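The values are calculated or read from the model by the stated rules, or taken from the named source; none is laboratory data. Keep in mind that what you see is a predicted model, and the values were worked out from it rather than measured. Every residue, glycine among them, receives a Cβ derived from its backbone with ideal geometry; neighbour counts consider all protein chains shown.
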There are 2 protein chains.
Amino acid sequence: MTNSESLVNHFKAHHHRATALAHPNIAFIKYWGNSHEALRLPANPSLSMNLAGLQTVTTVTFSDDFAADDLIINEQRLIGPRLERVTAVLDLIRMQAGLHMPARVESVNSFPAGAGIASSASAFAALALAGAAAAGLDLDEADLSRLARRGSGSASRSVPAGFCQWLPGSDESSVATSIAPPEHWDLRDVIVIVSQVHKAVGSSGGHRLASTSSLQSARLAGAEARLAACRKALLARDLAAMGPVVEEDAIMMHAVMMTSHPPLYYLEPATMAIIHAVMQWRDEGIPVYFTIDAGPNVHLMCEAAHGEDLRTRAGQLPGVQQIIVSGPGGPARLI
Amino acid sequence: MTNSESLVNHFKAHHHRATALAHPNIAFIKYWGNSHEALRLPANPSLSMNLAGLQTVTTVTFSDDFAADDLIINEQRLIGPRLERVTAVLDLIRMQAGLHMPARVESVNSFPAGAGIASSASAFAALALAGAAAAGLDLDEADLSRLARRGSGSASRSVPAGFCQWLPGSDESSVATSIAPPEHWDLRDVIVIVSQVHKAVGSSGGHRLASTSSLQSARLAGAEARLAACRKALLARDLAAMGPVVEEDAIMMHAVMMTSHPPLYYLEPATMAIIHAVMQWRDEGIPVYFTIDAGPNVHLMCEAAHGEDLRTRAGQLPGVQQIIVSGPGGPARLI
């Protein structure tokens, strides 16, 4: 064996690498609050659409050559709570694979983080898939969705394709499944970005506050009915039936946020300006509805035919910094 | 009897006139939704402060010389639903007094109507008092509060002095009473007016929608506890204890509004800008809290020492059209 062959064998034995891509998703029925914090079992079922065009690409490399886990997002090395959250998912993978190597996680987002486009969803979906593959685990979609969930609840919904439903339940059963492929309905999410500032209170902290709002139990009590109505309308491609449910569900989440202790105010002046514009556009006959995640940005839901018109209209509103138009995206996948 | 004496006697016998003044009020614990629409029995107890300096002055004249009831607000003759609502209160007065004359109601507001300062509260409190006096009825405060309530729920709270509590109950018992006189606490309401546009959906219509929100029952369930906490803090002059309750209660009302069917969005971009400014001012150490009625304007609650500073600060925010600073006001009274 030459020195060079020895190096190659050493690399094969001690390096395990895989790269995966995942899309963020926009929830039509929101996830807010856990019934079990550590396992991230959600307090209510949720439903979302993966966002094509936006993506996180993550490479996981396990190697004995590393001293400790390393997290590099958009070429920036991160330590502290964000690294710990990634390590927690890597630990689940290592435990299952009987692997004891540290990992380097290199992740690149194609979209701004922290302001209403759930970067943690695509990030942990890609991490779960790349990590499991790098560790040599043979996991099915449900396994991967469950693993992604442990990193970020909404990441469970970025594992399957298209339109995904995530049900509460036990650690075993709480996974997302696709209820329709991306081709089912050419919906558009016109993402109106009014702020790219990182949230003062991240989603994980917010989920823990949900139960401190006296409106949360009313929100939870109706979640299943809203999910059923939304799913039915989605499967029937009936935007006029789906839109009002989606708007109400989003406002309910923000009502819980604003009445939690302490309260969380994600809605900005520009957010309200867009909401009022949506009402006016609907009065003018344009079938468009809004939803808002845990941030100030507004997602306009419409069918493909109205996407560009709404991009133009939204671009004329005050406070709008950027607009991204996305359609239904595929599943997390290895690349 | 001369012709002239005959005219005077005719006037005395057939004209009955009185003038009353009442202040609007700002609710710290909101009234939203009725348990009985026609009687305007509220679904929950509420608590407010009369606003000194702002006032409605109303003159009621009963006369056989009139063909029908006439309503003149700010020198403008009004017909339709607003006149009918006034006639309904006049009918209660006429029935009780055994009077059968039409009335002329002339009313002048010292503040903009229809955008978050409850002009209907001061208007119906003044109407009840002037109307009862003109009709020769000898009513006590509770009687007048009950009568005002039939015109506009929150008007019941503009009859007694200072800080008033209005309890639900039967037609007989549902009246407002003063829990502290104006001198009890030199609070300020810094009213930040961002719009003087008349509301698309008035409060009466909104009250009827309250029960269509799935958040209303949660709001009602906690109203008594919020009222008790607010009243206790108010009596102790403890703004730090009172403020968060008042803010939460206001947001709960708007959460109900935005999730009713159809939804009501009173919050404007400028409203959110002021809410965020209040949070920031508090971070800077200024003891100020907000509340919002059924409109986009924001009421800043503070003690007298901070009133002018907050007037200056609020005046620098975008979208602010006018600022009115008011303190605790007295009862409705004859003038």
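You will find that of A:ILE292, A:ILE286, the residue that is outside the structural domain of A:LEU47 (by TED's automatic domain parsing), at pLDDT 95 or above, farther than 15 Å from A:VAL194 by Cβ and not polar (S, T, N, Q) is A:ILE286 and no other.
If you go through segment A:253-282 and keep only what is in contact with a Lys or Arg (Cβ under 6 Å, 6 or more places away or on another chain) and closer than 19 Å to B:THR271 by Cα, you end up with just A:VAL256. Among the numbered conditions (1) part of a loop (DSSP other than H, G, I, E, B); (2) at pLDDT 95 or above, the only one that B:GLY53 does not meet is (2). Can you name the residue in segment B:210-219 that is over 12 Å from A:SER217 (Cβ atoms) and surrounded by fewer than 20 Cβ atoms within 10 Å (Cβ to Cβ) and is also nearest to the other protein chains (Cβ to nearest Cβ) among such residues? Among them, the one singled out is B:THR212. Mind checking which residues of segment B:274-312 are away from chain A (no Cβ under 14 Å) and hydroxyl-bearing (Ser, Thr, Tyr)? B:THR312, the sole residue that qualifies.
Entry remark, segment B:136-155: residues being free of Cβ contacts under 8 Å to residues at least 40 places away in the same chain and touching a strand residue (DSSP E or B) at 6+ places or on another chain (Cβ under 6 Å) number 1 in total. Out of all the residues in segment B:34-52, is one or more over 29 Å from B:HIS299 (Cα atoms) and surrounded by fewer than 23 Cβ atoms within 10 Å (Cβ to Cβ)? The answer is yes, given that some residue of segment B:34-52 is over 29 Å from B:HIS299 (Cα atoms) and surrounded by fewer than 23 Cβ atoms within 10 Å (Cβ to Cβ). Within segment B:297-310, the set of residues being surrounded by 17 or more Cβ atoms within 10 Å (Cβ to Cβ) and in contact with a Lys or Arg (Cβ under 9 Å, 6 or more places away or on another chain) comprises B:LEU300, B:MET301, B:CYS302, B:HIS306, B:GLY307, B:LEU310. Kindly indicate whether any position in segment A:297-314 is touching a helix residue (DSSP H, G or I) at 6+ places or on another chain (Cβ under 8 Å), of a type in the set (S, T, N, Q) and part of a loop (DSSP other than H, G, I, E, B). Yes, that holds for at least one residue. Yes or no: segment A:278-295 includes at least one residue that is in contact (Cβ under 8 Å) with a residue 40 or more places away in the chain and more than 30 Å from B:VAL298 (Cα to Cα). Yes, segment A:278-295 contains at least one residue that is in contact (Cβ under 8 Å) with a residue 40 or more places away in the chain and more than 30 Å from B:VAL298 (Cα to Cα). Selection over segment A:224-249 of residues that are in a helix (DSSP H, G or I) and either loosely packed, with under 14 Cβ neighbours inside 10 Å or at the interface with another protein chain (Cβ under 10 Å from one of its Cβ atoms) (or both) gives a count of 8. Kindly indicate the residue of segment A:100-122 that is assigned to a loop (DSSP other than H, G, I, E, B) and modelled with pLDDT of 95 or more and also nearest to the chain's Cα centre (by Cα) among those meeting that condition. Looking at residues that are assigned to a loop (DSSP other than H, G, I, E, B) and modelled with pLDDT of 95 or more, I get A:PRO102. As for segment A:313-324, it holds at least one residue that is within 14 Å of chain B (Cβ to nearest Cβ) and under 23 Å from A:SER110 (Cβ atoms). In segment B:250-273, the residue that is farthest from A:PRO262 (Cα to Cα) out of those that are more than 9 Å from every other protein chain (Cβ to nearest Cβ) and assigned to a helix (DSSP H, G or I) is B:MET257.
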